[in-house]
1. So is A:P42 of a type outside the set (V, I, T), farther than 22 Å from A:D22 by Cβ and within 14 Å of chain B (Cβ to nearest Cβ) or not?
2. Considering every residue within region A:111-120, establish whether at least one is away from chain B (no Cβ under 14 Å), closer than 20 Å to A:N192 by Cβ and in contact (Cβ under 8 Å) with a residue 24 or more places away in the chain.
3. For region A:137-206, which strands (runs of 3 or more DSSP E) that fit wholly inside it have 3 or more residues that are surrounded by fewer than 22 Cβ atoms within 10 Å (Cβ to Cβ)?
4. I need a count of the residues in region B:147-166 that are aliphatic (A, V, I, L, M) and facing chain A (nearest Cβ under 7 Å).
5. Cβ-Cβ distance below 7 Å, separation of 6 or more or different chains: which pairs start in region B:154-169 with a residue that is under 16 Å from B:S63 (Cα atoms) and end on one that is assigned to a loop (DSSP other than H, G, I, E, B) and among the aromatic types (F, W, Y)?
6. Considering region B:299-336 alone, what residues qualify as being over 24 Å from A:V164 (Cα atoms) and free of Cβ contacts under 8 Å to residues at least 60 places away in the same chain?
7. Out of all the residues in region B:320-333, is one or more in contact with a helix residue (DSSP H, G or I) (Cβ under 6 Å, 6 or more places away or on another chain) and surrounded by fewer than 15 Cβ atoms within 10 Å (Cβ to Cβ)?
8. Looking at A:K174 and the list (1) within 14 Å of chain B (Cβ to nearest Cβ); (2) at negative phi; (3) touching a Pro at 6+ places or on another chain (Cβ under 9 Å); (4) not acidic (D, E), which single condition is not satisfied?
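The values are calculated or read from the model by the stated rules, or taken from the named source; none is laboratory data. As the structure is a computational prediction, the values presented were derived from the model and not from experiment. In this analysis, Cβ positions are derived from the backbone assuming ideal geometry, glycine residues included, and neighbour counts consider all displayed protein chains.
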Amino acid sequence: MTTIELSQRTITYREAINEALDLEMARDDRVILFGEDVSGAPHSEEERHFDAWGGVLGVTKGLAGKHGRERVIDTPITESAFIGAGVGAAATGMRPVVELMFIGFMGVCLDQIINQAAKMRYMFGGKAKIPLVIRTMTGAGFRAAAQHSDSPYSTFCHFPGLKVVAPSNPADAKGLLAAAIRDDDPVIFCENKVLYDTPGPVPEGEYVVPLGEASVPREGDDVTIVAISRMVGVAHQAADSLASSGVNTEIVDLRSLAPLDTDTVLASIRKTGRLVVVDEDNPRCSVATDIAALAATQAMEYLAAPVKLVTAPHTPVPFSPVLEDAYVPTPERVMEAVRATLA
Amino acid sequence: MDMDRNSLVEAYRRMRTIREFEDRLHKDFAGGEIPGFVHLYAGEEAVAVGLCSHLGDGDFITSTHRGHGHCIAKGVDTAGMMAEIYGKAPGSCNGKGGSMHIADVDKGMLGANGIVGGGPPLACGAALSAKKRGTDNVVICFFGDGASNQGTTLEGMNLAGVWKLPVVFVCENNGYAETTSYKYSVSGTDIAARARGFGMPSVAVDGLDFFAVAEAAGEAIARARRGEGPTFIEAQTYRYYGHFEGDSIAYRDREEEESFRSRDCLSRFRQTVTSQGLVEAADLDAIDGAVAAEIEQAVTDALSAPDPSLDSLTTDVYVDFPASQLWMFQDEPVRV
């Protein structure tokens with residue numbers, strides 16, 4: 001578990017990601033960034049245009065000015081080509097961080113991720129390494145509808161060779177991104193765009209959160225809530241309300257989805273005997289069902305009640321605000337699930 | 001074409017090695033010795049060797065599912081390749097890649113590719129890397145007439161043009177994507193013309209003529225090394241065998257095959273260099289003998305080589321990953 005000093009300065013999730021990129025670029029000149037509009041106005045040679053945009057939601061803003069356009073490179077809208085270029089560059093000595101704007105755009109370029117990046121090391125008998133980070137946005141709540149809002153990170157967890165990370169707060173976003181960039185395997189780094197403006201305490205300077213380690217931001221004895229990304233906040237809201245009625249929940253923030261910190265999850269289940277999994281992804285073949293499978297195969301004898309899942313429905317993300325709000329798991333649904341495990 | 005005797009001898013040796021390697025696989029596959037699928041390069045040797053004879057180990061190539069010729073042209077060891085195709089432990093990829101994923105990154109060979117059109121984006125990345133690392137290395141992106149219709153190929157050409165990358169795109173138009181003639185699948189049928197739309201120089205050459213390929217390649221590669229960006233070469237060639245071994249080749253006529261075989265790249269090379277007194281026929285004969293012995297030895301060694309250990313099933317998936325999660329939700333099988 002990461003301990004955060006209260007005296008630490010507070011920055012947003014967006015700023016934390018930017019800071020990690022900045023520090024890692026300063027630390028290692030093999031780190032380069034590319035993607036659509038990561039700098040902005042690439043047609044202009046004028047320095048005042050260098051950070052015209054900084055990514056569609058401004059996450060990379062300022063980096064082109066600091067590190068130059070030789071290292072912060074705008075691409076055409078050509079996901080297959082530039083994601084694949086990330087793979088090729090990683091296989092030949094660079095450490096690229098490539099931005100796939102929204103995770104739904106994986107539909108355009110999936111071959112380069114699952115057949116090239118993921119399989120190359122194995123296919124080549126271990127004689128290649130692919131230190132590639134693909135940063136991408138997940139998350140509903142922006143009224144951006146079906147193709148810009150979903151969270152299908154489980155798709156990537158399915159493929160051997162890929163690592164998948166989904167930070168829930170600014171400190172983890174910084175620390176996990178640094179770890180991902182230093183890692184020698186391809187990492188899909190899932191940023192929940194609804195969290196970009198969320199502030200939180202973040203250590204200054206070098207800060208690395210190892211991949212594959214969950215955190216336990218709230219300890220309790222009654223029920224374990226395993227949550228991912230923005231759902232950790234939803235779990236906290238539910239836990240606060242439940243605490244007033246005497247239910248002590250423990251929250252496990254997975255942070256890394258592949259590899260998965262099975263030890264921390266199992267230890268919590270063994271302690272509480274009750275499990276609720278909260279995931280914004282669709283319910284089928286998901287990280288949530290993985291956690292349920294983990295409990296069923298390795299902690300069944302500790303379970304005092306059936307596992308409850310709280311996820312999005314098996315639908316695309318709807319546009320209408322009323323419907324989108326009904327799509328995303330709420331604290332109320334989590335509370336209901338927790339109570340059901342105690343019934 | 002300005003090539004010294006040593007370069008000519010080496011080019012012949014590599015083309016001869018490819019032919020011998022592929023003819024031998026053709027024979028042994030029919031005998032049921034080889035697992036899986038093999039896609040043979042026989043007939044197209046002048047393209048791979050014409051391009052790769054300009055390259056060093058620091059240069060990269062991306063390849064196709066018909067990749068043995070590219071490997072040999074790039075200097076990958078035939079013993080390791082043969083063992084790989086037999087799925088054996090000492091194979092180039094420790095038996096994990098096989099014919100369709102055969103690779104040797106240390107030799108700059110970024111892998112045969114089972115995905116048609118999988119290579120062009122990778123080639124752009126390797127070229128970006130060459131540029132960012134401050135080298136004058138280049139990347140040759142081999143693909144076929146089939147891949148000329150894939151979006152990744154066209155996107156790769158666009159990106160290489162936009163970023164002025166040192167890539168030479170080489171379309172090996174061997175006439176057929178599986179059973180489908182490019183005359184059916186390529187709208188407009190002029191593959192080289194497509195590249196001009198991306199603002200890069202583009203030529204179509206006789207891919208059965210080593211010297212024509214090597215000359216176009218020399219210009220394209222020099223241009224890339226000078227930092228002037230990508231070039232496109234359509235090499236019009238022919239594959240002697242089917243799409244893969246076992247293909248009955250019912251989709252093309254024997255007359256057509258004969259017309260291409262009568263222009264065989266190895267025979268023409270031999271004719272050209274001996275008639276011009278550049279290399280003695282006896283020297284080429286000696287290469288033929290040495291190559292035959294090398295491939296014979298490679299097959300003998302591959303057959304007697306050990307299989308991969310069962311433990312290697314779960315190695316090299318990642319550089320670093322918890323081993324227990326490679327048998328997620330279950331105990332690792334106990335083997336006796």
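1. Working: of a type outside the set (V, I, T): yes; farther than 22 Å from A:D22 by Cβ: no; within 14 Å of chain B (Cβ to nearest Cβ): yes.
No; evaluated as a whole, the condition is false for this residue.
2. The first filter runs over region A:111-120 and keeps only residues away from chain B (no Cβ under 14 Å), leaving none.
No - not one qualifying residue is present in region A:111-120.
3. Working: elements: A:163-165, A:187-192, A:199-201.
In region A:137-206, A:199-201 are the strands (runs of 3 or more DSSP E) which contain 3 or more residues that are surrounded by fewer than 22 Cβ atoms within 10 Å (Cβ to Cβ).
4. Filtering region B:147-166 for residues aliphatic (A, V, I, L, M) gives B:147, B:154, B:157, B:159-160, B:162, B:165.
So of that shortlist, the ones also facing chain A (nearest Cβ under 7 Å) come out as B:159, B:162.
Count: 2.
5. Close Cβ pairs (under 7 Å, with a partner that is assigned to a loop (DSSP other than H, G, I, E, B) and among the aromatic types (F, W, Y)) amount to B:M157/B:F198.
6. To start, the set of residues in region B:299-336 that are over 24 Å from A:V164 (Cα atoms) comprises B:299-311, B:333-336.
Correct list: B:T300, B:S304, B:L310, B:D311, B:P333, B:V334, B:R335, B:V336.
7. Applying the first criterion (in contact with a helix residue (DSSP H, G or I) (Cβ under 6 Å, 6 or more places away or on another chain)) to region B:320-333 yields B:326, B:329.
Now narrow it down to the ones that are surrounded by fewer than 15 Cβ atoms within 10 Å (Cβ to Cβ): B:329.
The answer is yes, given that some residue of region B:320-333 is in contact with a helix residue (DSSP H, G or I) (Cβ under 6 Å, 6 or more places away or on another chain) and surrounded by fewer than 15 Cβ atoms within 10 Å (Cβ to Cβ).
8. (1)
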